[in-house]
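Read-outs: derived from the displayed coordinates by stated rules, not from any lab. The shown structure was predicted, so the numbers you read here are calculated from the model rather than taken from an experiment. Every residue, glycine among them, receives a Cβ derived from its backbone with ideal geometry; neighbour counts consider all protein chains shown.
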C-alpha cells in the first residue's frame, strides 16, 4: 500500500493520473473508514498538494476506482468556461452571451393592490 506522500510524488513527477480505489486512497492517509472528518482531511490534503479526484471520492462507492490527478489551474478553468459559453451561444443561435442578463420589464403588473378578493366563506379552521 502506498502512502499519500508517495502518491503525490508519483503524480507530480510523471504528470499522469493514478488510478486507485477509494478504500486505497483512504488507507494511504492511515484511515479505515470514510467519515465526514476523514473526507474533510483528505480533501484538504488533496487541495494543498494541487490534486483532485475524478469522480469525487466522497460520492462514489468505497470500492470504486477513482483517478487522482493534478487539479486544473485557474487558466484552464477560465478557458473551459469560455469554450462552454461559446458552445451554448452557438446552440441558442446567438452571436454571444451577455455578461449579465438585464431584467426584462413588463407593462403588466403581477400584483395589483386594486384587485379585491372575495371574503372567505364558512368558518375558519382551527
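Summary of values
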quantity: Net lengthening on full extension, residue 92/residue 13 (0.36 nm per residue, minus Cα-Cα); calculated: 24.2 nm
quantity: Protection proxy ranking of 2-9, 84-91 - average other beta-carbon atoms within 10 Å, highest first; calculated: 2-9, 84-91
